[in-house]
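Below you'll find the structure, written out as structure tokens, and then a few comments.
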Amino acid sequence: MQSITAALDERRRQGLYRSRRVLQCAQGVWVRYEDRDYLNFGSNNYLGLANHPALIQSSSTSLQQNGVGSGAAHLLCGHFQVHHELEQALAQFTGRAQALLFSTGYMANLALMTTFSGKGDAVFADRLAHASLLDGIRLSQAKLRRFDHNDCKHLETLLAAWREKNPRRRALVVTEGVFSMDGDCAPLDRIAAIAQRYRAMLVVDDAHGIGVIGEQGRGCVHHHGVNNQTPLLMGTFGKALGGFGAFVAGDPPLMDYIVQFARPYMYTTAPPPAMATAALTALQLLQQEPWRLENLRRRIAQFQSGAQNLGLRLIESDSAIQPVILGDTDVATRWGETLWKQGIYTGVVRPPTVAMGQSRLRISLNADHQPEQVDILLHALAGLQHG
Ligand SMILES: *Cc1c(COP(=O)(O)O)cnc(C)c1O
């Protein structure tokens, strides 16, 4: 108990103690906390679908028809017709033969890492790869080799050296499509070529690319034209698609292998059918309301050029995630608090989520933001620079 309170005290002392705010309304451009409205630049609801009337309508109907809970794992009696339809729609959307649903992206990543690697194998992961991927690698007992962020040379050096000594072992190369804290894209064409050269299986986690990057938001893998060289693609519904849950897409033998062997697939309750309905509607909306993605892209461009004019330190990013790098933890905390007092919510990202000295505001744009609202944010940032 003593070590627990000591660890908590240490977090506070470092200014890294985190706390939760209670949201009093639906997710959207405006969010209400403690009876005050804030302009929201902090969510992953990039297309504004989390509270979209069509998703509410279809999932309500699905609740009426299918009930609330799925009642069991997919392999028992929890695999509903709508799960099945969503898997087929996802396969088509991603340009893959097949897709499988998972309850969360976290679990999908645990499943991928533990099913396709194990003791004696190796996983080559981008240094900024998501915590769920790293946890999966740990659980798999495979060797973890981290390559510098988006550094293909480093990846190739590590992979070539290992492959020479381990001609028969399995190797995975793991990266995010769009990086969750930096917003930049992985150079998937080059990474895919390296993975192929050394007989490693490429896994792409495109949680932040699906719905945002490429034609109709089909994601980074589709956008880079590396579908055929990316055996395992993972995406989630909790971000741009506005819902909850995740999927893995790929060829039938790999998908079947997951169904038969992946513990985070087998030993958990299937997602609520109404959530699958919501995801199905979200996929349809990507086609029916292309203006959402167009708006989002306009707001991204507006923010980028405005922030560049201010001379803020950005990271080159085509995604909805636009970090403003402030470096020092205290500075990031102060900027976040000042914006908050002005009625603007932004993510303040500090260690251990990012490296020391890399603290930042994580600005995320939303298709429903009005140009004037982005201007409000830019104006407030300008004020902070001179404050
Ligand atoms: C959010 C996220 C996940 C986890 O997805 P959940 O469905 O929220 O569990 C995995 N990988 C990345 C890159 C993410 O941003």
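Considering only DSSP beta bridges where both residues belong to the chain, give the percentage that are antiparallel (nearest 5). If you can, show how the numbers build up before the last one.
Details: 25 of 45 bridges.
Of all bridge pairs located within the chain, approximately 55 percent are antiparallel.
For the range 169-302, report the convex hull volume of the alpha-carbon atoms normalised per residue, in Å³, without decimals. Display every interim value, and only then the final one.
Numbers: hull volume 16.7 nm³, N = 134.
So the per-residue Cα hull volume is 125 Å³.
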Response to the item:
Filtering GluC sites (Glu not before Pro) in the range 286-367 by DSSP loop and by at most 15 other Cβ atoms within 10 Å leaves 316
Item to complete: Step through the residues of the range 345-350 one at a time and calculate ³J(HN,Hα) from phi using the Karplus curve (6.51 cos²θ - 1.76 cosθ + 1.60, θ = phi - 60°), rounding each to whole Hz and writing x for Gly and Pro.
Response: 9, 10, x, 9, 10, 10
Worksheet item: Among 175, 94, 236, which one moves the most in a GNM of the chain with springs linking Cα atoms closer than 10 Å?
Response: 94
Response to the item:
Residues meeting the amide H criterion for residue 125 (H placed from the backbone, H to H distance under 5 Å, 5 or more places apart or on another chain) are 145, 146, 147, 174
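Can you tally the net charge around residue 183? Count Lys and Arg as +1, Asp and Glu as -1, for every other residue whose Cβ sits under 11 Å from the Cβ of residue 183. Before the final figure, lay out each step's value.
Values: positive: 360, 362; negative: 176, 182, 184, 316, 318.
That works out to -3.
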Discussion item. Would you report the distance distribution of C-alpha pairs in the chain as whole percents per 20 angstrom bin, up to the bin with the largest distance?
Written reply: 27, 57, 16, 0
Discussion item. Suppose a student asked you for the relative contact order of the range 232-353, using Cα pairs under 8 Å spaced at least 6 residues apart; what percent would you report?
Written reply: 13 percent
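For the chain, what does -39500 (n - 2.57) per DSSP helix run (n ≥ 4), summed and divided by total residues, give at 222 nm, in deg cm²/dmol to the nearest 500?
On the way: 14 runs with 169 residues, N = 387.
Helix-only estimate at 222 nm: -13500 deg cm²/dmol.
Quick one: how many lysine pairs does the range 53-288 have with C-alpha atoms less than 24 Å apart and a gap of 8 or more or different chains? Give me the count, please. Could you put the intermediate results ahead of the total?
On the way: 119/143; 119/165; 143/153; 143/165; 153/165.
Final tally of qualifying lysine pairs is 5.
Read-outs throughout are calculated quantities, based only on the coordinates presented, and are distinct from any laboratory measurement. The shown structure was predicted, so the numbers you read here are calculated from the model rather than taken from an experiment. Reconstructed Cβ throughout: ideal geometry from the backbone, glycine too, with neighbour counts over all protein chains shown.
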